[in-house]
Amino acid sequence: SAVISQKPSRDICQRGTSLTIQCQVDSQVTMMFWYRQQPGQSLTLIATANQGSEATYESGFVIDKFPISRPNLTFSTLTVSNMSPEDSSIYLCSVVSWMADNEQFFGPGTRLTVL
Amino acid sequence: AQTVTQSQPEMSVQEAETVTLSCTYDTSESDYYLFWYKQPPSRQMILVIRQEAYKQQNATENRFSVNFQKAAKSFSLKISDSQLGDAAMYFCAYRRNGNKLVFGAGTILRVKS
């Protein structure tokens, strides 16, 4: 299986600021995703992080608000920009590993609270 | 668009008893994967079981098994001999080969001792 770490695990931020979340995987993976889980809700896909190119965003999510980088096969970052209280959520990194029979694994999540 | 429906917001089960969580999905594809994920209070998403649509045999993992009815687009999870550690939010999810996961709304499972 793929072991995923995320930093930070949680943060409390002020309105109008930005936070960058890091996702590190212990092995090369084919696909990396970023999900948002609002309080008491299911997971919603924000975007697919593409290595060396712009991420592919889902409807309702834009690059200016959620810029994503993926410089190599094991690392990605998600930035939540110009935050508002509505951005308070858990943000999860997820990967698909061809070495693990295309299983999909999730990181431990980053709990973000915006005041 | 593919959708996943979990019609039970919350379920309860007595310890050592059996419980079944329901899931239906909508797709026009013939080749896809279905999953059940568990999310305990720690919020870590844990894969419980996976089913490939082309396989007729229902997947089983220890105390967890599924009832996959492809024609009815139904994918229920049965938990046998329920344990306190099974208490969590359970998500049903659909994935077309190589594509993103689509999640249901989730079912909270409470286990009574």
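A short reminder: the numbers here are calculations on the coordinates, not readings from a lab. Worth saying up front: this structure is predicted, and the values here are computed from it rather than measured. No Cβ is skipped: glycine too gets one built from the backbone with ideal geometry, and neighbour counts run over all protein chains shown.
Residues satisfying the criterion are absent from the stretch A:19-27 (criterion: in a loop (DSSP other than H, G, I, E, B) and buried (at least 17 other Cβ atoms within 10 Å of the Cβ)). Taking the stretch A:6-46 as the range and being among the aliphatic types (A, V, I, L, M) and closer than 19 Å to B:V4 by Cα as the test, the residues that pass are A:L43, A:L45, A:I46.
Out of the residues in the stretch A:29-64 meeting the condition of being part of a loop (DSSP other than H, G, I, E, B) and touching an Asp or Glu at 6+ places or on another chain (Cβ under 9 Å), tell me which one is farthest from the other protein chains (Cβ to nearest Cβ). Among them, the one singled out is A:I63. Pairs linking a residue in the stretch B:27-40 that is in a loop (DSSP other than H, G, I, E, B) to a residue that is surrounded by 21 or more Cβ atoms within 10 Å (Cβ to Cβ), with Cβ atoms under 8 Å and 6 or more positions apart or on different chains, are B:T27/B:Y94; B:P40/B:A88.
If only residues of the stretch B:71-102 that are hydrophobic (A, V, I, L, M, F, W, C) and within 14 Å of B:D26 (Cβ to Cβ) are counted, the one that is farthest from the other protein chains (Cβ to nearest Cβ) is B:A71. Being farther than 26 Å from A:P39 by Cβ, within 14 Å of chain A (Cβ to nearest Cβ) and not charged (D, E, K, R) is the filter here; which residues of the stretch B:11-44 pass it? The answer is B:Y32, B:Y33, B:L34.
Checking each residue of the stretch A:6-13 against the condition of being touching a Ser or Thr at 6+ places or on another chain (Cβ under 6 Å), polar (S, T, N, Q) and closer than 13 Å to B:K100 by Cβ gives no match.
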